[in-house]
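One structure is given below, encoded as structure tokens.
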Amino acid sequence: MGIIAFYVAPNIVPVDDVFNAILMGLFSGFSAIGSSEIVVNMKAFAESKKLEKEKKKEPQQGEKESLKEVKNCEKINEIVVQDAQENQERKN
């Protein structure tokens with residue numbers, strides 16, 4: 001790109017020879033590629049953070065109901081164990 005600019009529009013490329021025009025074109029291309037990669041990596045980073053936040057969110061409605069059922073089962077289990085212990089104590 002630097003060579004084309006050197007011959008087509010020499011006032012755009014502030015160099016004196018073709019070699020420097022080539023170098024200028026290379027560095028321009030490298031910087032464009034690097035900038036593009038930075039943007040891609042920033043988007044990927046933002047997406048990964050978004051996914052992490054979604055994982056930390058509260059459970060969905062179905063998950064909430066399942067958690068309530070588990071807690072209810074635990075309470076029922078505690079009551080049954082206490083009742084069994086009381087019955088055992090009465091027998092003794």
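The values are calculated or read from the model by the stated rules, or taken from the named source; none is laboratory data. Keep in mind that what you see is a predicted model, and the values were worked out from it rather than measured. Cβ: placed from backbone, ideal geometry, glycine included. Neighbour counts: every protein chain shown.
Criterion applied to 80, 39 was being more than 30 Å from residue 4 (Cα to Cα) and either of a type outside the set (S, T, N, Q) or at pLDDT 85 or above (or both), and the one residue passing it is 80.
Determine whether residue 41 is without any contact (Cβ under 8 Å) to a residue 12 or more places away in the chain and in a helix (DSSP H, G or I). Here the answer is yes, as residue 41 does meet what is asked.
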